[in-house]
Amino acid sequence: MDTQKTVLILIDGMRSDAIAQCGEPWAQKLIADSASCLEARTVMPSVTLPCHMSLFYSVDVERHGVTTNFFSPMVRPLDGLIECLSKEGKKSAFFYTWEHLRDLTRPGGLAYSLLINMFENPDPDDQVTDAAIAYIQKIRPDFVFLYLGDTDEAGHDFGWMGEKYLDTVANAWRCVRRVRETIPEEYNIIVTADHGGHDRTHGTDLPEDMTIPVICNGPAFPTGTVLKQASIKDIAPTIARLAGVTAPKTWEGHPLLE
Ligand SMILES: [Zn+2]
């Protein structure tokens, strides 16, 4: 299989059922053109940094040991997605709005990284999306991580599935659409979330917190396919497989590809 490039877009705290309710019909159209699982599972605790660690290192929280939003180095370090890509000479870039995510990779792995701090800037999701698009168009890296954080903030401030939360989900989907429609078609796009939420919180094992969407769109994925099951730990193995990079044996997830 020839190698393929991927953009991973993570919408923080986006519940699967918010996609239909946010009032952006293009989101449904993308799902129809994708291989998707709207019943995918994240890990416990359903909290942003632990879930992102399980995404990038494809192991459970017990293995990476990050149980809160404050990073601590792994007792037995293992290579994550960025380390694996970088060792094979692949170029990766991060575009994010929440500073705590800076520890998702070890120093030396990224070709480019841009933080637009959501607490210090207006319209952070839009700004970080525009920056990612410009970079992709100019540099054509092998992998881009684009993190949109406004949704989780709106959930905590106003409540999950409320009007203001759904407005930020809709805006995040307009960002996804801009990416899909302006970057080269050779790119695969994976849209997902780290966790869901309920009331004004998350972190529990309730289905509202643990269920996430995983939507895989692009040349590598069959359109109109429903994946029976998926885990947040399957995303790194999928991107590694697309890039033609061997996944470490320690990874627990499986590629969402035939
Ligand atoms: Zn949160």
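We did not get these values from a lab; they are worked out from the coordinates using the rules stated. The shown structure was predicted, so the numbers you read here are calculated from the model rather than taken from an experiment. Using ideal geometry, Cβ is built from the backbone for each residue, glycine included, and neighbour counts are taken over all protein chains shown.
Structural remarks
- Condition check for A154: more than 16 Å from the chain's Cα centre (by Cα), of a type in the set (G, A, S) and closer than 16 Å to I11 by Cα: yes
- Any hit, the stretch 7-23, residues being within 16 Å of the ligand (Cβ to nearest atom) and farther than 25 Å from F143 by Cβ: yes
- Total residues in the stretch 176-223 satisfying the condition of being surrounded by fewer than 22 Cβ atoms within 10 Å (Cβ to Cβ) and assigned to a helix (DSSP H, G or I): the figure is 9.
- Residue in the stretch 224-237 that is nearest to D60 (Cα to Cα), counting only those that are out of contact with any strand residue (DSSP E or B) (no Cβ under 7 Å at 6 or more places or on another chain) and not in a loop (DSSP other than H, G, I, E, B): K233
- Residue match in the stretch 118-132 (condition: within 16 Å of the ligand (Cβ to nearest atom), without any contact (Cβ under 8 Å) to a residue 24 or more places away in the chain, surrounded by fewer than 19 Cβ atoms within 10 Å (Cβ to Cβ) and closer than 23 Å to F95 by Cα): yes
- The set of residues from the stretch 142-175 being assigned to a strand (DSSP E or B), within 16 Å of the ligand (Cβ to nearest atom) and of a type in the set (A, V, I, L, M) comprises just one member, L148.
- Looking at the stretch 1-111, the helices (runs of 4 or more DSSP H) lying wholly inside it that each contain 2 or more residues that are more than 15 Å from A193 (Cα to Cα) and touching a residue at least 24 places away in the same chain (Cβ under 8 Å) sit at 25-32, 81-87.
- Members of the stretch 41-60 found to be away from the ligand (no atom under 16 Å from the Cβ) and either among the charged types (D, E, K, R) or within 27 Å of R140 (Cα to Cα) (or both), listed by number: R41, F56, Y57, S58, D60
- Residue in the stretch 28-40 that is within 16 Å of the ligand (Cβ to nearest atom) and over 13 Å from V191 (Cα atoms) present: no
- Contact annotation: residue pairs with Cβ atoms under 6 Å, 6 or more positions apart or on different chains, pairing a residue in the stretch 194-216 that is without any contact (Cβ under 8 Å) to a residue 60 or more places away in the chain and within 10 Å of the ligand (Cβ to nearest atom) with a partner that is of a type outside the set (S, T, N, Q) and outside any strand (DSSP E or B), are R200/H156; R200/G159.
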